[in-house]
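Comments concern the structure below.
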Amino acid sequence: MAGPKPALGAWQDPSAAPLVEIRNVTKTFGSHYAVDDVSLTIYPGEFFSLLGASGCGKTTLLRMLAGFERPDAGRLLIGGEDVTELPPYRRPVNMMFQSYALFPHLSVADNIAFGLRQEKLPRAEIRERVAAMLELVRMGDFAGRKPDQLSGGQRQRVALARSLVKQPKLLLLDEPLGALDRKLREHTQFELVNIQERLGITFVMVTHDQEEAMTMSTRMAVMNEGRIRQIGTPSEIYEFPSNRFVAGFIGAVNQFEGRVMEQRDDLLLVRSDVAGTELRVRTQQAVAPGTPVVVAVRPEKVLLTTEQPPPGDNSLSGSVEEIAYLGDVSIYHVRVPGGALVEAQLTNRARRAVAPLTWGDPAWIAWGADDAVALLE
Amino acid sequence: MRTRRPMLVFSLLAFGYAFLYAPIVSLIVFSFNESRLVTVWAGFSTKWYSALMHNEQLLGAAWVSLRIAVMNATLAVILGTLAGTALVRFGRFRGRSALALMIGAPLVMPDVILGLASLLLFVAMEQLIGWPTGRGMTTITIAHVTFSMAYVAVIVQSRLVRLDPSLEEAALDLGAWPWKVFFVITLPLIAPALAAGWLLAFTLSLDDLVIASFTSGPGASTLPMVVYSSVRLGVSPEINALATVLVLLVTIGIVIAGISMQRRAKHS
Amino acid sequence: MPSPSSSDRPQRGRRSLRQRLHLGRGTVAGIPLLWLGLFFGLPFLIIARISLSEVVIGLPPYSSLVDWTAAGLLEVRINFGNFLLLVQDSLYLDAFENSLRVAAVSTLLCLLLGYPMALGITRVREGLRVPLLMLVILPFWTSFLIRVYAWIGILKGNGLINNFLLWLGVIDQPLHLLHSDFAVYLGIVYAYLPFMVLPLYATLSKMDESLLEAAADLGCRPLCAFWRVTVPLSLPGIIAGSLLVFVPAVGEFVIPDLLGGPDTLMIGKVLWTEFFNNRDWPVAASVAVALLALLVVPVLLFERFREKEQT
C-alpha cells in the first residue's frame, strides 16, 4: 500500500503539494491567546509532532484541524480545500483522542465500524475492513469485548484502529501514548511509526514528551504561548535551535550570555563575562559587533579533562562542584572563574568504582566552535 | 483515639433510621388491624385491603393519578433532557441564564406558589385564547411537567457533566451528524439517568397534592386529593392499607432497580 | 445586499450548514425555554398583576387593571390595598414570622440529625454505603401525604405514644401532641430529612480521608479536626441541604394543615385559605408575591451554588 519512505523529505521537495496548510490562524479564549497567528505547512506522508508544555496551544491547534474549535482568524486547508468552516463530520480527517474516547456501550468491533457505518457502506465491506483493522492492531481475538474489559494498551490499539479505518488523509493524535506506562510506551512508539509507514497516512501528533517527539517524527514544531518557536527535523531542532526557548526546552544546554566583539567570516568572537573569557562559535548569519548573543552548547559536546587541553576554540578552567552518576553517563558541574556553572556529560565507557575526578578537583572543559550555536533571540 | 466519636455517630445514625422508619412500620402494622381504631390492636385482619379494592372513588382517583404521572414523566424526560443538554453542552448562549434559573427555581419553590401561579395562568389563558377550556387532567399534567422537568434536567445535567465530551467529539470526528451522535452515543450513555429521571418525575406527580388541588377541575381528582380529604376527616385503616400497598410497590421497584444496577456493574 | 461572486458560492453552502447546526441547537434550547417561559415565568407576571386587582364576584374573581370607560377614557386602576392589608392585619405578619421561624428551626433540627447520619454513612464499609443511602431515599419515594398521615396515628390523643406512656404509667392523662407546633416541627424534619442527608453525604464522601490524618498528625484532636477540617469542607453540602429544606418549608401547606393546631399560622396555609375558602384571589396573589420576595434571596443563592457545583 505504501511506497518506500522517500530519501528526501517532502518538505525539502519544492514541487511537493502540501497536505495541510495552516495560514495565520489565531484562537482566543476570552482574553487568552491559545493560538497566536500560527502558520504551518505539512506534507503528505509526514509524521509531524506539535511539541510543547501544557497550555502552549498545541491541543487547540489540533482540535482546530479536527473541527472542534473554530479559528477566530486565519484559514485551514487540507488537500488544497478550505476546511475552516467545515464541521468535524465533514472533514477528511480523523482523530485519536487522549482519553481514547471508546464508546463504552459498543463492542470493539462496533467501535471500529462506527465511522464506516456513518458512510452507509455495505455490510460486507464494513466487516472486511473492520477485520483488516483488527488484524493490523493485533486485536482480532477481542472483537466482541467491551472497552472496559480491555487493558490500557489494548484500548489504545482499538482507538488507533477506529481512527484509521476510514483511511483519512490525515490522522490527528492527541497524546496517543500519554496514558500508557513507560515500558509499553517505548514499544508502542515503534509500532505506531511502523503502522504509519505501512499505511502512508500523514500523522500529526500532539505531545509534551520531547523524547517521544524526537523518536517518532519526521518533523516537529516546538510551541510556546500560542506561537510556533521552531519547525524542523528532530536533529535540526536539537543541534541547531534557533532561539533560547527551543535550546532550553529540548534537552540540557549550557548558555553563556555575551556580546559579539567581531566576526571573521563565519566565526563569531563573543565576549562573555559569565564564561570569563572570549568564546568562538561558528554561525552562518552576519552579526554586527556589540550585538547581545547567547552561546549555547550541549553538555555531551563539552570535553572534560584533568589536564589543560591543546589550544583550540574554547577552553576554560574551573573546579568540579557536583557529580551525578547515572549509570550509562555521568554529569559533572564545573564552576568557571566567570561564575557560570557548566554542565558536561561523559559516557562511562570503562567500568570502575571510583571516578577519576571528585568534588573540588580542578578541571578543564573545552569544545569546538562548531559544537556550539549562537542564539540571537 | 477514634473509638468514642464513631460510637456517637453510629448511634445517631441508628436513631435517624428508626425515626425514618418507625412511622412507616406503624402504618403497615395497623393496616392489618381488625378494629377501625387505627392505634388499638384488635386482632389480625385483611378486611381493609378488600375494602380498599372496592373503594371506587379511591381506585378511580388512582387511575387518574397514574395516567397523569405517566404523561408527566414522559414529557418531563423529553423537555428535561433537552434543557440539561443545552445547559451542559452548548457553552454560553442567549437565554442560558434564564433557562438555568427556571431549572433551579422549581426545585425549591413552595408548592402553593407553583400551584397558584399555574392556575392563574390557565385562567388568564382561557380568557384570552379560549384554551385550556376548564381545568382537569391536562392542566394538572402541564403544571406537573413544569416543575418535574427541572428535576429531570438536574439529573441529566449531572450525568452529562461526568460524561467525557471526547466521546461525542469522536463520533462527530468519525462522520456522524450531531443529531445522530445524540441518538447513537449520548442517549444510550445517559439512559440510566433518563430512567431515574422518569421514575422521579412519575413519583413527584403521583405524590403531589397542592399543585393538583389548584390546577384540577371537577371530575379530575387525583389520588392525593382523595386521600387528603379522607385524612382530614380522621384516621382510616383503609389509608393504612393503601400506604402499605404503596410502600410495597416502591420497595419492589427499588430492589429491582438496585439488582439491575448491580448486574450492570458486574457486567462491566 | 451585495451579490455573491462565484468564488463565494461554496462558502455560502458551508455557512448554511453552520446555520443548520445553529438552528438545531436553537431548537434544543428553545423548546424547554419556551415551555418554562410560558408555564413558569409568565405566571409570575400574572400573579403580580392580580395582586394589584380588587376582588369581585364573578369569574375570574378579580377586577381588571385597565378599562375603557363609557366616556372613551382609558382607566387604570391599581389596587395596593392587598399589600396594605398584609402589613396592617397582624394575621399575615404573624403568619410570615411564624413560617420563617418554623422553617429555620426545622432546618437546624434537620441539620443536627442529618449531619451525623451523612457522616455515619461515609464511615461504614464500602459495600454498606449504597444500601444505607437507599434507605434514606426510600421513604421519599413513598407518598409524602401518607408519611405525614402516619404521624397523626402516632401523636393523637389515643395514639401510639400516648397509649404507650399511659400503659407505662408515666402519665395518667393523654398529652396534647397532635395539632401543636411540636407536631409541625416533627413533621417537617421527618419529611425533609432526606433532602438534608443527600447533599451532605455528597460533599462528605468526596472528602479525602488523609486530610483528617494530616490534621491529627499536626496535633489536632478528633473534635478539633471535625470543627476545623470536616465542617468547613462540607459547607457546600450544608448550604445546599439547608436551602433545600428551608425554602420549601417556609411555604409548606400539608404539614401545618394536618399536624398543626388552629393557632399554627403558616403562610402556605394562609394562602390556601384565602384562595379556596375565601375565594379572594387578589389577596392570595399578593401573599404569593410577598412570599416570593421573601424567598428570592435564598432561591438565587441556591441557584448560584448549583451553577458553581456544575462547573
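If you go through segment C:292-307, how many residues are within 23 Å of residue C:82 (Cα to Cα), within 8 Å of another protein chain (Cβ to nearest Cβ) and touching a residue at least 60 places away in the same chain (Cβ under 8 Å)?
Going through segment C:292-307 one residue at a time, the tally reaches 1.
If you go through segment B:95-138, how many residues are surrounded by 17 or more Cβ atoms within 10 Å (Cβ to Cβ), within 10 Å of chain C (Cβ to nearest Cβ) and polar (S, T, N, Q)?
Residues in segment B:95-138 being surrounded by 17 or more Cβ atoms within 10 Å (Cβ to Cβ), within 10 Å of chain C (Cβ to nearest Cβ) and polar (S, T, N, Q): 1 in total.
Restricting to segment B:150-169, count the residues that are more than 18 Å from the chain's Cα centre (by Cα) and not small (Gly, Ala, Ser).
Within segment B:150-169, residues that are more than 18 Å from the chain's Cα centre (by Cα) and not small (Gly, Ala, Ser) number 10.
Would a scan of segment C:273-282 turn up a residue that is assigned to a helix (DSSP H, G or I), touching a strand residue (DSSP E or B) at 6+ places or on another chain (Cβ under 7 Å) and over 17 Å from residue B:114 (Cβ atoms)? Break it down into steps so the answer makes sense when it comes.
Keep residues of segment C:273-282 that are assigned to a helix (DSSP H, G or I), which gives C:273-277, C:281-282.
Okay, now just the ones that are also touching a strand residue (DSSP E or B) at 6+ places or on another chain (Cβ under 7 Å), so C:281-282.
Filter once more, keeping what is over 17 Å from residue B:114 (Cβ atoms): C:282.
Taking every residue of segment C:273-282 in turn, at least one turns out to be assigned to a helix (DSSP H, G or I), touching a strand residue (DSSP E or B) at 6+ places or on another chain (Cβ under 7 Å) and over 17 Å from residue B:114 (Cβ atoms).
Can you confirm whether residue C:220 is within 13 Å of another protein chain (Cβ to nearest Cβ) and either outside any helix (DSSP H, G or I) or under 20 Å from residue C:303 (Cβ atoms) (or both)? Outline the logic, then answer.
Numbers: within 13 Å of another protein chain (Cβ to nearest Cβ): yes; either outside any helix (DSSP H, G or I) or under 20 Å from residue C:303 (Cβ atoms) (or both): yes.
So residue C:220 fits the description; yes.
Step by step: first the residues of segment A:86-110, then only those that are in contact (Cβ under 8 Å) with a residue 60 or more places away in the chain and among the hydroxyl-bearing types (Ser, Thr, Tyr), then the one that is farthest from the other protein chains (Cβ to nearest Cβ). Which residue is that?
Per the stated criteria, the residue is A:100.
I'd like to check something: does segment B:148-162 contain any residue that is closer than 30 Å to residue B:32 by Cα and either within 14 Å of chain A (Cβ to nearest Cβ) or not polar (S, T, N, Q) (or both)?
No - not one qualifying residue is present in segment B:148-162.
Scan segment C:258-283 for residues that are closer than 19 Å to residue B:211 by Cα, of a type in the set (D, E, K, R) and either touching a helix residue (DSSP H, G or I) at 6+ places or on another chain (Cβ under 9 Å) or at the interface with chain B (Cβ under 10 Å from one of its Cβ atoms) (or both) and jot them down.
If the condition is that a residue be closer than 19 Å to residue B:211 by Cα, of a type in the set (D, E, K, R) and either touching a helix residue (DSSP H, G or I) at 6+ places or on another chain (Cβ under 9 Å) or at the interface with chain B (Cβ under 10 Å from one of its Cβ atoms) (or both), then C:269, C:274, C:280 are the ones that fit.
Just the residues that are out of contact with any Lys or Arg (no Cβ under 9 Å at 6 or more places or on another chain) and of a type in the set (S, T, N, Q), please, taken from segment C:199-233.
C:203, C:210, C:230
Residue by residue, here is whether (1) β-branched (Val, Ile, Thr); (2) within 16 Å of the chain's Cα centre (by Cα) holds:
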position	(1), (2)
B:190	yes, no
B:201	no, yes
B:215	yes, no
B:240	no, no
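If you take the residues in segment B:1-26 that are part of a loop (DSSP other than H, G, I, E, B) and within 7 Å of chain C (Cβ to nearest Cβ), which one is modelled with the lowest pLDDT?
B:1
Residues of segment A:293-350 being without any contact (Cβ under 8 Å) to a residue 60 or more places away in the chain, loosely packed, with under 13 Cβ neighbours inside 10 Å and under 22 Å from residue A:375 (Cα atoms), which ones?
A:312
Run residue A:138 past the list (1) more than 14 Å from chain B (Cβ to nearest Cβ); (2) of a type outside the set (A, V, I, L, M, F, W, C); (3) touching a residue at least 24 places away in the same chain (Cβ under 8 Å) and report the number of the one that doesn't hold.
(3)
Hey, any hits in segment C:147-155 for a residue that's within 24 Å of the chain's Cα centre (by Cα) and either more than 8 Å from chain B (Cβ to nearest Cβ) or more than 29 Å from residue B:254 (Cα to Cα) (or both)?
yes
Does residue C:222 qualify as being in contact (Cβ under 8 Å) with a residue 12 or more places away in the chain and either of a type outside the set (A, V, I, L, M, F, W, C) or farther than 28 Å from residue C:121 by Cβ (or both)? Even if it seems obvious, please write down each step before you answer.
Values: in contact (Cβ under 8 Å) with a residue 12 or more places away in the chain: no; either of a type outside the set (A, V, I, L, M, F, W, C) or farther than 28 Å from residue C:121 by Cβ (or both): yes.
Here the answer is no, as residue C:222 does not meet what is asked.
Report, by residue number, each residue of segment B:139-165 that is under 24 Å from residue A:88 (Cα atoms) and crowded, with 20+ Cβ neighbours inside 10 Å.
Result: B:160, single match.
Can you name every one of the strands (runs of 3 or more DSSP E) wholly within segment A:208-264 that holds 2 or more residues which are more than 30 Å from residue A:28 (Cβ to Cβ)?
Passing ranges, in order: A:254-264.
Quick check on this structure: which one of C:255, C:238 is farther than 22 Å from residue C:88 by Cβ and within 12 Å of chain B (Cβ to nearest Cβ)?
Numbers: C:238 fails: within 12 Å of chain B (Cβ to nearest Cβ).
Exactly one of C:255, C:238 is farther than 22 Å from residue C:88 by Cβ and within 12 Å of chain B (Cβ to nearest Cβ), namely C:255.
Which members of segment B:175-198 meet the condition of being within 14 Å of chain A (Cβ to nearest Cβ) and aromatic (Phe, Trp, Tyr)?
B:177, B:179, B:182, B:183
Taking residue B:63 as the residue in question, decide whether it is within 14 Å of another protein chain (Cβ to nearest Cβ), farther than 18 Å from residue C:155 by Cβ and of a type in the set (Phe, Trp, Tyr).
Values: within 14 Å of another protein chain (Cβ to nearest Cβ): no; farther than 18 Å from residue C:155 by Cβ: yes; of a type in the set (Phe, Trp, Tyr): yes.
No, not satisfied.
Working only within segment B:231-252, note down all residues that are over 18 Å from residue B:21 (Cα atoms), in a helix (DSSP H, G or I) and touching a residue at least 12 places away in the same chain (Cβ under 8 Å).
Correct list: B:237, B:238.
Where residues in segment B:199-219 are away from every other protein chain (no Cβ under 11 Å) and surrounded by fewer than 22 Cβ atoms within 10 Å (Cβ to Cβ), which of them is nearest to residue B:150 (Cα to Cα)?
Ranking the candidates gives B:217 first.
Could you figure out which of (1) within 30 Å of residue B:163 (Cα to Cα); (2) polar (S, T, N, Q); (3) modelled with pLDDT under 90 isn't true of residue B:205?
Unmet condition: (3).
Just one of C:107, C:142, C:122 is at the interface with chain B (Cβ under 7 Å from one of its Cβ atoms) and either touching a residue at least 60 places away in the same chain (Cβ under 8 Å) or out of contact with any Ser or Thr (no Cβ under 7 Å at 6 or more places or on another chain) (or both); which is it?
Working: C:107 fails: at the interface with chain B (Cβ under 7 Å from one of its Cβ atoms); C:122 fails: at the interface with chain B (Cβ under 7 Å from one of its Cβ atoms).
Checking each option against the conditions leaves just C:142.
The values are calculated or read from the model by the stated rules, or taken from the named source; none is laboratory data. Note that the coordinates shown come from a computational prediction; the quantities given were computed from them, not determined experimentally. All Cβ positions, even for glycine, are placed from backbone atoms using ideal geometry, and neighbour counts span all protein chains on display.
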